[in-house]
1. Can you find a residue that is over 12 Å from the mean Cα position of the chain (by Cα), at pLDDT below 90, surrounded by 10 or more Cβ atoms within 10 Å (Cβ to Cβ) and assigned to a loop (DSSP other than H, G, I, E, B) anywhere in the range 43-60?
2. Select from the range 66-91 the residues that are of a type in the set (S, T, N, Q) and under 11 Å from the mean Cα position of the chain (by Cα) and write down the one among them that is nearest to LYS33 (Cα to Cα).
3. Do we find that GLY72 is of a type outside the set (Phe, Trp, Tyr) and in contact with a Leu (Cβ under 8 Å, 6 or more places away or on another chain) in this structure?
4. Find all pairs meeting these conditions: Cβ atoms under 9 angstrom apart; at least six residues apart or on different chains; first residue within the range 40-64 and closer than 17 Å to PHE89 by Cβ and without any contact (Cβ under 8 Å) to a residue 12 or more places away in the chain; second residue assigned to a strand (DSSP E or B) and of a type in the set (S, T, N, Q).
5. Among the candidates ALA76, ALA91, ALA86, single out the residue that is farther than 20 Å from SER44 by Cβ, part of a strand (DSSP E or B) and small (Gly, Ala, Ser).
6. Can you tell me which residue among ARG80, ARG107 is in contact with a Leu (Cβ under 8 Å, 6 or more places away or on another chain), surrounded by fewer than 14 Cβ atoms within 10 Å (Cβ to Cβ) and more than 17 Å from VAL28 (Cα to Cα)?
7. Anything in the range 92-113 that is farther than 12 Å from VAL34 by Cβ and not small (Gly, Ala, Ser)? List them, or say none.
Amino acid sequence: MLARLIVLAAVVALAGAGSGAATTLPSVTVHVKVTLTGRTLTLSRPSAARGYTVEFAVRNGTTQRRTFSVAGKTIAVPARKTRLTAVQFQARGRYTMVSRGRTSVVRGTFRVS
């Protein structure tokens, strides 16, 4: 009888252990300032943790319109303006960022740990 109670208690404990929140849900929004020039792409923060939502505030410091791409999202940023885009990173790794203008292409990397 005691053995059955121990087994039953173990089954109940294991069933309750899986009911917690998933670890990939965004618990934090990280703000990253991105500055674009014709030759550089500068980040205020080079990385974030997996599952976080990263809000990129992209500032175009040139006199021409540029595009900014990261993790499959692309936005157009007019000359001397700032635009926002948010990406939720579910997988660890390195993500390539690309800024394109009329005459130049600039690349950078954002890390998710």
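The values are calculated or read from the model by the stated rules, or taken from the named source; none is laboratory data. What you see is a predicted model; the values in this text were computed from it and never measured. With ideal geometry, Cβ positions are generated from the backbone for all residues, glycine too; neighbour counts draw on all protein chains shown.
1. no
2. That would be THR85.
3. The answer is no for GLY72.
4. none
5. Just a single option satisfies the conditions, and that option is ALA76.
6. ARG107
7. Answer for the range 92-113, where residues must be farther than 12 Å from VAL34 by Cβ and not small (Gly, Ala, Ser): ARG92, ARG94, TYR95, THR96, ARG100, ARG102, THR103, VAL105, ARG107, THR109, ARG111, VAL112.
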